[in-house]
Amino acid sequence: MKLQTKDYLEICPGCLACYNQGRLTFYWFRLNKETTLKQIEAALDIEEIHKRAKTPYACGGDEVHIQDNDFNGGEYMTAKEIYGYVKLLRLVPSFDYVRAFKEIYLMNDEFEWFEASDMFKRFAEDVMTFDSDREFNTHLEDIFTETHGINDDQNPLLNPLINYIQWDAVVRDMKMDWEEVEISGTTYAWRKL
Ligand SMILES: [Zn+2]
């Protein structure tokens, strides 16, 4: 069964001082397309974190530590960086698209997303989703037959050749020009940027 696509991201703002003293002071905060920078700043406020985590603010700490998140983000993301993700989310149907992009391009936690990059914009325009790898392969086969005019209507002379094509090899070669990521049972595919 296909998992339902999530339309939100979650981060877990925590208190670094508490963490260093062996106490887990954190809570889960959910981001969606409407989340504002102000709301994120409030969510990362050190007193707010203690209040939400129901831990007395006795540690004297003032550093926020993102103890967990569900999109491979860093431990020390600022409110502005996190808001950068919200800006990306506004360009795609769901947050899984951002996860897919990040699987390939963002290995670097220091990366700052104050605005969507041109690369992300191109990705957002280009990316397609498939229910299975098989469905993606079929799409590539269709592109191949169209590009080479080997389909029923276009070229009756070439048409018989279709029976001799090594589809595995065709698909394998074509995939060299594509990125492919599976998130929650859905295949995200786009031409290499
Ligand atoms: Zn604390």
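Every number here is computed from the coordinates shown, using simple stated rules; none is lab data. Since we're looking at a predicted model, the values are computed, not measured. FYI the Cβ positions are ideal-geometry reconstructions off the backbone, even for glycines, and counts take in every protein chain you see.
Tabulated results
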| read-out | value |
| --- | --- |
| Along each principal axis, Cα extent of segment 9-90, largest first, Å | 38, 22, 16 |
| Residues THR36 and GLU180, FRET efficiency given R0 of 35 Å [Cβ-Cβ distance, rounded to 0.05] | 0.55 |
| Packing-based ranking, highest mean first, of 43-50, 11-18 given that Cβ atoms within 10 Å are counted | 11-18, 43-50 |
| Expected 222 nm ellipticity per residue - DSSP helices of 4 or more, -39500 (n - 2.57), all of the chain, to 500 | -11000 deg cm²/dmol |
| Positive-end residue, segment 128-191 charge dipole about Cα centroid, Cβ charges, pick of SER132, VAL171, VAL181 | VAL171 |
| Paramagnetic label zone (point 7 Å from Cα along Cα-to-C-beta, GLU63; backbone N under 18 Å) in segment 73-95 | 74-79 |
| Signed unit charges on C-beta, dipole axis of the chain, positive-most listed residue CYS18, THR147, ALA100 | CYS18 |
| For the chain, size of Cβ-based charge dipole, Lys and Arg +1, Asp and Glu -1, in debye | 700 |
| Gyration tensor verdict on the chain (Cα atoms; rounded if a/c is under 1.5, prolate if a/b is larger than b/c, oblate otherwise) | prolate |
| Between 0 and 90°, nearest 10: helix 79-89 axis offset from the chain longest Cα axis | 30 |
